[in-house]
1. What is the magnitude of the charge dipole of the chain about its Cα centre, with +1 placed on the Cβ of each Lys and Arg, -1 on the Cβ of each Asp and Glu, and no other charges, expressed in debye to the nearest 20?
2. Could you list I80, I182, I112 so that the one with the fewest beta carbons within 10 Å of its beta carbon is first and the one with the most is last?
3. With the dipole of the chain worked out from charges on the C-beta (+1 for Lys and Arg, -1 for Asp and Glu) around the Cα centre, which of F155, T131, T231 lies farthest toward the positive end?
4. Under a Cβ-only charge scheme (Lys and Arg +1, Asp and Glu -1), can you give me the dipole magnitude of the range 166-214 about the Cα centre, in debye to the nearest 20?
5. Alpha carbon centre of the range 60-117 versus the range 130-160: separation in Å?
6. Can you sort W74, W230 so the residue with the fewest Cβ neighbours within 10 Å comes first?
7. For the chain, what's the radius of gyration and Dmax over Cα atoms, in angstrom?
8. Tell me which GluC sites (Glu not before Pro) from the range 150-226 have a DSSP coil assignment and no more than 12 other beta carbons within 10 Å of their own.
Amino acid sequence: MIARIEPDDRALASPLGRVSPLLKLGIALFWFLALAFTTRIGPPLALAAIVLLLAVVVGRVHPARLASAVLPLWLIALSIGAFNALFASVNTSEIAIEVVRLGPFRLTEPAIAAGLGLAARVIAVAAIGVTFAQTTDSTRLVDSLVQQGRVPERFAYGALAAYQAVPRFAEDLTTLRQARRIRGLRGEWHPRVLVGLLVLAIRHGDRLALAMDARGFGSGPRTRYREVRWTGLDVAAIVIAGAVVVGALIVPR
């Protein structure tokens, strides 16, 4: 089933939720860039812990909701780290110190360190992404991109409409499978079901394009129903973001 988890009103009304979405997106990208300059395990894990703490305390995201969103991604991160450690090319080196042998596989100390470092970075990326998603309204994000980031309206609002159409694919899939059962065909996955989904997606896209043209998107200056302005919270967010990444990167070994 295709679904999405929208942030609740409590999180959107929090101080973190009222920060400019464009600024939060820039901070997240800055943190991702900072993680690329370290291979140690401590800084990504410290950054992930701080971000999740900010999400609960400042963002007012319910811990259970946060855990249900981040734990599956962390399991994937651990799987990625284990896979990279197991199949690292350094395991074939005779110089590398062998830690454990699993049948035909040889695990060395550098491979384990590299796998753990990669898993830690993916854990941090997942924590940042979930915190951003659970404290940001998609409509306000697009308004911020258009008004503060000067992104073209047709592209920004078209992407928003596509994002909001995700649950519709679940409804279309259910309808197609039920239609196949009525005709006496198998209702499970079938290539024709995917073709039907593609056709419906193209039709939805055509209707969306006509609706945007009818409303004059991209034809000239427009008035704003929702104004997104820079506030003192944005300045505080910049200061805190800088302090967080510096504190995470200086975590001792």
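1. Roughly 660 debye for the chain.
2. Ordered by Cβ neighbours within 10 Å, fewest first: I182, I80, I112.
3. F155
4. 340 debye
5. 35 Å
6. W230, W74
7. Expressed in Å, the Cα Rg and Dmax of the chain come to 22.9, 68.
8. E188
Where a number appears in this text, it was derived from the coordinates with a stated rule and is not lab data. Since we're looking at a predicted model, the values are computed, not measured. Please note: Cβ atoms are built from the backbone with ideal geometry, for glycine as well, and neighbour counts cover all protein chains shown.
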